[in-house]
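Contents: one structure, followed by commentary.
Please treat every number below as a calculation from the coordinates, not as lab data. For clarity, every value in this text was computed on a predicted model and none was experimentally measured. Quick reminder, even Gly has a Cβ in these numbers, built from the backbone with ideal geometry, and neighbours come from all protein chains shown.
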Amino acid sequence: MRRAFLILWAAAGSLFGQALLVRNTTVLTVTKGTITNGDVLVENGRIAAVGKNLSAPSGAQIVDGTGKFLMPGIIDCHSHTAIEGGVNEGTVSDSSMVNIRDVINPTDINIYRGLAGGLTVSNVLHGSANAIGGQTIVIKLRWGKTAEEMLFEGAKPGIKFALGENPKRQGYPSSFFSQGPAERRYPGTRMGVEQVIRDSFIEARNYQADWKEYRDRVARGEHPIPPRKDLRLEPLVEVLEGKRYVHAHCYRSDEILMLLRVADEMGFKIRTLQHVLEGYKVADEIARHGAGASTFSDWWSYKIEAYDATPYNAAIMTRKGVVVSLNSDSDELQRHLNLEAAKTMRYGGLSEDEALAMVTINPAKQLGIDDKVGSIEVGKSGDLVLFDRHPLDNYSKVLKTWIDGHEYFDRDKDLSERTEFARKKKELMDKEKAAAKEVTP
């Protein structure tokens, strides 16, 4: 028992850095206002104190934040980073049996690039080729760790749904869905997409009832034959039981209302509506259902169903009581989500705290992890980002990024190592060329 404890303790310690004190900086807590000339102390991976004139424990890393800005780690509620071997299992309409957790690639360079933009947490989603897609997972961008070590401890898993053009596969090249040019599958219409979702949940409810009856009979001392285990229906039963979140790709207001009605009919909740470009039209209904909205700041018109959008979408939904976040859906865009948030001040007049909330505490709420991350508060994880300017400033740069108090990105160190990395790369390439000449007849 003692040996097992020591192994677990050592593994946990590898994820947490030494004690950290960032002092004399502008602390953007997001939820508790702004502290000028403030300090933040992190111990054992968690924020231990927030205030002024804090003392550092022996051996702590001390960072002078004078003239700089400290904010919580940025959270992306819609990411496809770190997925190995393809994002879409597009050969079936309901692929709920596949799991993104099984294909996380911890060596994806986009993890490091995300850290360079202040990103610390990503909701890694299956693609949108299916009415019901694969299972999803939340990760922390612990660059250099294993895939298992990147998983966000205690975060509830999810599943991806999709509505509209993508699952009915209209106007897309076959390669987008990993199928041959002549292959077709149901559904081919928006009506069919709705029916796939409804039919799957009718099956899931019946499956749930069969297992309940089996367990009840076992509890009565009987010895029945158990129902056949169905890996496609298992995650849908978890949705019905509130153990798995639904993240639904959508655009049009009519389809948003359709999905909310189907969810109400089947007895589950939509956790987030993803993209949701026409959410401003049905914001009252979204708020009434209790769904969150994870949208783009100002992307639209890249396909027909994305035409009737507005950059005021995020602000309008916010004012209607919807919890709104801004997401990337892109390895490139995830590097500057802070600047995407700034656009909501121009398009909708949101305050600085409201804008920052869209890439910190709001996505944390949508993922059910707001008790752990999303703001600078005592007891939360030491996921912090230090900027040289206010993070909503278009000229701001990330100087350092910490996860659980462990430093995963340092701009000065990155710049200083580039020359050495270039030298090593040239050395390896020269050796490869020399070896190739030796074997050439």
Report summary line: Measuring from its Cα centre, the chain shows a charge dipole (+1 at each Lys and Arg Cβ, -1 at each Asp and Glu Cβ) which, in debye to the nearest 20, is 400 debye
Query raised in the report: What full-extension length gain, to one decimal in nm, is calculated for Ser330 and Asp430 as 0.36 nm per residue of separation minus the Cα-Cα distance?
Result: 32.6 nm
**Report entry** Cross-link reach list, aspartates and glutamates versus Lys281, counting only Cα pairs under 18 Å and skipping chain neighbours closer than eight places
**Finding:** Asp254, Glu255, Asp298, Glu305, Asp308
Query raised in the report: Tell me, in nm to one decimal, what length is gained between Thr419 and Asp371 on full extension, where the rule is 0.36 nm per residue of separation less the Cα-Cα distance?
Result: 13.1 nm
Query - Antiparallel bridges, percent of DSSP beta bridges restricted to the chain (to nearest 5) - result: 55 percent
Query raised in the report: So what are the ³J(HN,Hα) numbers for segment 222-236, from phi and the Karplus equation (6.51, -1.76, 1.60; θ = phi - 60°), rounded to whole Hz, Gly and Pro as x?
Result: 7, 10, x, 7, x, x, 5, 6, 10, 5, 6, 8, 3, x, 6
Report summary line: segment 74-373: relative contact order from alpha carbon pairs under 8 Å, six or more residues apart, as a whole percent, is 19 percent
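Stretch Arg217-Asp412 to full length: gain in nm at 0.36 nm per residue minus the Cα-Cα span? Intermediate results must be reported in sequence, preceding the final value.
Numbers: separation 195, 0.36 × 195 = 70.20 nm, distance 6.49 nm.
Length gained between Arg217 and Asp412: 63.7 nm.
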Requested in this report: Mind pulling the angle between the C-alpha long axis of helix 253-266 and the longest principal axis of the chain? Nearest 10 degrees, somewhere in 0 to 90.
Outcome: 70 degrees
**Report entry** Candidates Ser55, Ser381, Ser294, ranked by Gaussian network fluctuation over the chain, Cα under 10 Å, top entry
**Finding:** Ser55
Query raised in the report: GNM, the chain, Cα, under 10 Å: largest mean-square fluctuation among Arg346, Arg244, Arg252?
Result: Arg346
Query - segment 324-344 versus segment 24-65: alpha-carbon centroid distance in Å - result: 26 Å
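Please compare each pair in Lys156/Lys243; Lys365/Lys400; Lys168/Lys365 to a cut-off of 19 Å on the Cα-Cα distance and tell me which ones are over it. Can you show the working numbers first?
Values: Lys156/Lys243 7 Å; Lys365/Lys400 25 Å; Lys168/Lys365 31 Å.
Violating the 19 Å Cα-Cα cut-off are Lys365/Lys400; Lys168/Lys365.
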Query raised in the report: Given the C-alpha centroids of segment 112-132 and segment 193-252, what is the distance between them in whole angstrom?
Result: 27 Å
Query - Per residue, the convex hull volume that the Cα atoms of segment 74-373 enclose (Å³) - result: 137 Å³
Query raised in the report: Using modelled amide H (1.01 Å from N, peptide plane; none on Pro or chain starts), what sits under 5 Å from the amide H of Tyr245, excluding residues fewer than 5 places away?
Result: Gly158, Ile159
